[in-house]
Each structure stands twice: as C-alpha cells, then as structure tokens.
Amino acid sequence: MSANQIGLEIPQKELNFKIGSEKNSFPVVVINDSNQFASFQIELIAAGADIQEVGYEWYTISPDVSVKIPPGDLVEFVISIVETPISGFTGIMNITVRAFSIELREENREVLRITLQEGAGRSQLKLEAPSQKIQAIPLDDVEIPILISNPSQQNTNVTLTCLGLPESWFHGNNTQQFPLKPGAKFRTSFVCTLPFDRDAIAKIYPFTIDVVHTNGLPSQSQCNLEVLPKGSLEVVCSPKSQTIPAKRSWRSWWKFWQSSPAIFNLTAENESNLPQKIEFELENVSSSDYEDFSFEVSPNNAEVEPFGKTDLTLQIDKDRSWIGKVRKLNLLVKANWQDTRVNTKDEVQVIEIFVKPVIPIFLLIVPLAAVLFLFWWLSFLNPFNPFPPHKSTVTSVQYDGSGKYAISSSNDQTMRSWFVEGFYQPLINQDLGVLATSKKAIRIARFRPVNNDFVAAGLENGEIQIWDAENEPKLPLATFSSQADDRVFGLEYTLDARTLFSGHGSGTVLRWDLQNLFTNPPTQPSQSKKFDFAINSIALVGPDDNTLAIAGRYNQLVLWNWVNNTVKTLPYPNVGGQDDYIQSISVPERKRNLLATADNQGYMSVWDLSTCLQSDRPCQLVEGWKNAHSGKPVRSIAFSSQGCYLVSGGDDGQTKLWALTQNGKRTSDLNGKILATSNTPVSAVDIHLTTNEVLTLSGTTEGRVLGQKTERLFRLGCDLNN
C-alpha cells in the first residue's frame, strides 16, 4: 500500500469553543507529499449531524481552496466554528477534518474533539409541518397544522409565513408572529378557504412554510396542497329537432333533389375546477334501416376551460329516398368528458332528424286531400289553426248573462266577440270579429251587469274605456283615467251598474261614478284607496256591494269596506315574497259570501266571509289546496253563479273544473276534472251553466279562445236538478 501523498497536521486535538465567540478558530496544516503541483481543500464532518438536514454553514475556512503548491511545500488553513452543527447542542463532539485534492484524487482525515458551550451564537428552530399532501375541496375550510420547537436556551421572536399559496385563500393573513421561550413548543395553523373559481384549479399546489426568528437561523419546510375536483359538466344541444333538407331559399328551389346536412349547436359548459376535453359519439335508437348516416363534430376533441363554455357544431348527413314518406332518425348524442371526477349533467342528448323524400307519397296519391286539409287547417273550423284570433296573450274572457255570447281581451290591443254555440258546432264560426281596437294592451274587459249592453275595458296605460257591446263602434263611448301608465288589472261593477271599481298596478283602487256616464262622464274618481302592494284582481263580496276583495303582490288579500273606509286583512296561508302574486279571485253571483283565490305558486283556496263581513270575527278558510295545476301558477279562476263549480286555468295548459259542496269544499274528486289541455299556458277562464251542461271558456297566452263543456254533476255537491 502506497504512502499517503497528503500530510495533515492539527496542532491541538482537543478544543473548547463558546458559540458566538470570536476566538473559535484553529489552524490546520496540509503538506504536499506528492511529486507534483497540487491544490488542497478542507471539509469538516460533525459526528451525529445529518448533512442533509443542516441547512446552514456552521464553520468557515480560509482560504476556501489553496493555490497549487510544489512538492514538499505546505499550506495553512484557518477554521472558524460559527454555529453548532446540531441545532441547540452543547457538550463534547467529535469533528472529522478531511483534507483532499482534486489533482491527486486522494484525501487524509484527522479527528479532533471539541467542547461546545452555550453562547450568543445563532440556533435553528425545529419546524414540523405536514409531510403528506393536504387535500381540500373548494368552498371548504382547510387547516395547515404547524409545530415550532425552540431547542436553544434563549428567548426568540418567531415570524411564520406560508409562501406559494394565494393570499386571498387565507383567513386574515399568511404571516404569523409570536414569541417562543427556551425549550418551548408552539402549535399553530394556517386556515384557508379555497374559492370555487379559476383561482383554485384542481391540481397539487406546492407551498413553503418559512420560519424566521430573531435569535437564530431561518428554516423552511416544503408541503403540498391538493385541490380536489368540484362542480359539474353539462352539454346542451339545440335545436332538438332538424330536417333534411333544411329550408331552402327561393333561388335554390330547383335543386330540390339535393340534400343538405342537419346542423345542431352543441354547448359544452364546464362549471368545475377541472380543465376538460370533450368528444362526442352518436347512437341510433331507431330501426337499423336508418343507420346509414354520417356525422362530424367541429372542433373535434375540444378543450373546455374551467368555468368556461365552448360552442361546437354537429353536422349530420343522411341520404334521402326519391319516393316515400318522411323518415325519422332518433339519435342519442353522447358526450364523453376526459375527466369524470365531477358530476355530469345531460351528457346524453336526444335529437331527432326528419328526412324528407325527394317526392313525398302524398304528392302522388292524395293531392286533393292535402288541399282540403290545408283549407281546414287555416279556417275557423280548426280551433288550433296557425292564426290565433288574438295576436298576443288573452287577458280576460267573459260570458254575457245569457251565455249565448262572450267577449275576450288581449295584449294585442283588441277585444273580440264570440258566438258560444260555434265552439261546439264544427260548421259554425264562433269568432264574430273585433269588437274594439285600442292603442294600448287591454288587460281586462267586463260586461255591464244591467242588459250586458256595454263593456268596460281596462288598458295598459291606466285608461278605462266604455264600449258598445251590440254594435261595432270605431271609438269608445267614454274614456277616463286618473294616473297615466298605471295599468288596470281589475274591473268590477256594482250590481246596479252605477259604480265601477278599478284596481291598478300601483296598488291603487279607484271608485268611478257612472250614473251620468254619457251626459257627464267622470273625469276623476269618486274615491281612491292606496294599498302597499300591486293589485292583480278585485271582486265585490257580500250582499250589499259595500265591500271589495282585493288581491295581488306578496300574496296579499284584504277586504275594503269602501263605505266605512275600513280594511281587514285575511290571513292568507300561503305566505309570499315580492315575486309571489295572488293572480285571480272570484265570487259567485248568488252566494257572495264565498271567495275563491288562486296564486302563482299553484295554490287555490275557498273562503267563507259571512263571519267577518258584518263583525270583527275572523274570516273562515273553508279549504286550500296546493299543486292545483301540477305545481304551476294558476292564472285565472271563475265561480259558477250559485257557487257549485269553480273553473281554473294554469301554466300547465290545463283548464280544470272543481265540483264543490254547499259550503265550498271540494267533493270526492280532489284533483279536479281536466276539461282541456293546451300547448301554452291558460291565462283567462269563465264559466256558465245551461240546463244540463257546464260551459267554460279559456284564453291562452298564444292568443286562442277555446270553449269546453261537460255535464252538470247533479246531487254530487250543491248543484241540484230542480
């Protein structure tokens, strides 16, 4: 074995040091025992100290690297101990001095013993932070626990900072400051609330717990926070139905044999914190005869950013037959999201494509039938023809006293007259045409009770007009108003037709004196009453026409004795907010102690007012029921004259008949009888009894007025066949 080419001499093998002292230095001599020039370096290794965990310089060497010295020459290094190699350690420790040379590729070692005493030197705090990654869901609170230990014998002030995470996540601040006594431990934590937006994408966020204190060295700990997925993914396809070929322009009609693709719009909405990619596949649920189609989604394999939307186009091609009938493709459009760790909604969309032949069979076989059908479809014979009599929502319908004629009003600014028999006889035209045309939408129209010869109309702009119901005047007989643009939602005549009440959107009820209507028409109301809610419907109750029932916004229902100017509030059971309305109320002509209500939450009720009209006793709720129209709003109700039947119309498109007992309760049919179902909401209804039948009218938001009839239910409730 060859001799060592590096000589190492340490004058003192046992040393006493005080941490922080300026006299913590000792010399080390290195001799070049080789036969070549070489440079040398020194390294100290402390027994019991983990080199990977000592995150600071605990000694210094001068010089760092010697110059190259010739064979036989020497170099002296000066080593200074500036910090204990083990944080907080005092006592005896073995130190290995290692001398080495890059040129010689050799080293030499000597061991010396040092005694370390507590001094004014720096120490390092012990930091314990989560070693495992922390998982958290957006909108939840997450706690990052920290344990700080002070192994030294000195007080210190600690500044603890969490770096790498957005400051907006923290409750308060991402920095904490506190004192720490010698040998003490302190538990604390950082609390974060993760937002549910683009600032908290689902991924792993590395962060650092940084510790700085006034009496020692800083330290750090690396941690990880994993934001877990949250949210939903949704796909919407529109329209749901298309036709091949699409509608052509008149310039290309001569290319009738050509096919054009069906185009659908797809919207992929990513309401989650996960970036996504989406692909689509189509499945045919029809017969195998219709599987010869092709499709293309553009852009393919689209990317959808978190909380973003991406619009795509689905193009479907299908060959047309030359002669035949229209064929239908029923397809399932399936959305395949790349990452399904969050909820998916409507990932399967059902679409249909109608594939027309080049020459339809009916053009060859039944051209005459097509012409006849078209004639019927467009004529009055079809109550559902594509040209509704009214061009907008029907706001009210009402029979006259005989039940032979009826009127309707609409937002299209017209009133129309109707021949009731025409609703039930297919060859009789029920539409008698326009009775009146106004310059504003007509919100309500009511016959004058005496002779039914005049009609009062309430307008969108707050005007009230009187029209002749038996002729076709071009102008109203009288017009009056109190406040411009205060919509009229309710009109109610007294039985002698000398007084008219109007209810307005502002919450005002006005009383108009009509005794001298044509010689001295009113210019101002005789009486005014202001309520703190918008009014939707009014009705006179009681035998003397002294009390007006008023209903409207916030589900408010009150009785106003206009003679004594007193107001009584009825405890309506279905308490409502600013978006809740009692839409309609009704009183039977011959039993005016009963009152029916209907609201936009689908709740209907019947009240007996006989106990509270003439005394201070509370009004009696006879019966109330929810979901009268499948949970949809009930827009209009009407009592039969004797109070045995109640008709209602709602947003579910149904017109229902409710049979009642003498005291106003429902009979055994608690769900009511469906008289008709429309494709659009029913906005107005009325009822009239003949000898053996119940006649009803319904107006829809599409502008149609439809008639229904059913047999009277004698002996079932209060309707008796005398």
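The values are calculated or read from the model by the stated rules, or taken from the named source; none is laboratory data. Remember, predicted model here, so these are calculated numbers, not experimental data. All Cβ positions, glycine included, derive from the backbone under ideal geometry; neighbour counts span all protein chains shown. The protein model used for the area step is the full one, side chains on, heavy atoms only, and it has no ligands, DNA or RNA in it. Shrake-Rupley method; radii C 1.70, N 1.55, O 1.52, S 1.80 Å.
Assorted remarks:
- Residues Lys391 and Ser641, FRET efficiency given R0 of 30 Å [Cβ-Cβ distance, rounded to 0.05]: 0.40
- Estimated 222 nm signal from helices in the chain, with DSSP H stretches of n ≥ 4 weighted -39500 (n - 2.57), rounded to 500: -500 deg cm²/dmol
- Neighbours of Arg704 by Cβ distance under 13 Å: Lys/Arg scored +1, Asp/Glu scored -1, total -1.
- When all protein chains stay in place and ligands, DNA and RNA are ignored, the 1.4 Å accessible-area order of Asp719, Asp141, largest first, is Asp141, Asp719.
- Estimated dipole of the chain in Debye, rounded to 20 [Cβ of Lys and Arg +1, of Asp and Glu -1, Cα centre]: 2840
- Cα-only radius of gyration and Dmax that characterise segment 377-491, units Å: 14.2, 46
- Between the entries (1) 30.6, 104; (2) 45.6, 142; (3) 26.6, 83, the label attached to Rg and Dmax of the Cα atoms in Å calculated for this structure is (2).
- Label zone at Ala246 (point 7 Å along Cα-to-Cβ), backbone N below 18 Å, segment 339-354: 351-354
- Within a straight-line Cα-Cα reach of under 29 Å, Lys325 can be paired with the following lysines, leaving aside sequence neighbours fewer than 8 residues apart in one chain: Lys240, Lys247, Lys255, Lys334, Lys356.
- Where no second cysteine Cβ lies under 4.7 Å, the cysteines concerned in the chain: Cys162, Cys192, Cys223, Cys237
- Here the gap between Arg498 and Asp485, fully extended at 0.36 nm per residue and compared with their Cα-Cα distance, gives a gain of 2.1 nm.
- Positive end of the dipole of the chain (Cβ unit charges, origin at the Cα centre): among Gly664, Asn451, Ser481, the Cα lying farthest that way belongs to Asn451.
- For Lys13, the lysines whose Cα falls under 22 Å of its own Cα, not counting residues fewer than eight places away in the same chain, are Lys23.
- Nearest 10 degrees, 0 to 90: helix 367-378 Cα axis against the chain principal axis: 90
- A straight Cα-to-Cα reach below 18 Å connects Lys439 with the aspartates and glutamates Asp412, Glu460, Glu463, Asp468, Glu472, Asp485, Asp486, residues fewer than 8 places away in its own chain not being considered.
- Potential lengthening between Ile428 and Gln153 on full extension [0.36 nm per residue; Cα-Cα distance subtracted]: 88.1 nm
- Scoring 480-487, 639-646, 567-574 by mean Cβ neighbours within 10 Å over their residues and listing the highest first yields 639-646, 480-487, 567-574.
- Burial order of peptide ranges 677-690, 414-427 (average beta-carbon count within 10 Å, highest first): 677-690, 414-427
- Legend: calculated FRET efficiency, Asn564 to Ser668, from the Cβ-Cβ distance at R0 = 56 Å, rounded to 0.05, equals 0.85.
- Carbon/sulfur fraction of accessible area - segment 493-550, other protein chains in place, 1.4 Å, %: 42
- Protection proxy ranking, peptides 163-176, 703-716, average beta carbon neighbours within 10 Å, highest first: 703-716, 163-176
- Once the 1.4 Å probe is applied to the protein heavy atoms, the chain comes out at 49 Å² accessible per residue.
- Net lengthening on full extension, Ile102/Thr710 (0.36 nm per residue, minus Cα-Cα): 207.7 nm
- Cα-Cα P(r), segment 443-596, percent of pairs per 10 Å interval: 11, 42, 35, 10, 1
- The simple spin-label model puts a point 7 Å past each Cα toward its Cβ; for Asn546 and Lys203 those points are separated by 7.9 nm.
- Simple label model, 7 Å out from Cα along Cβ direction - Asn16 to Ser528, nm: 10.6
- Label-to-label distance, nm, for residues given as Ser189 and Val450 (7 Å Cα→Cβ offset): 8.2
- Sites Val350 and Ser298, calculated FRET efficiency, Cβ-Cβ separation with R0 22 Å, nearest 0.05: 0.55
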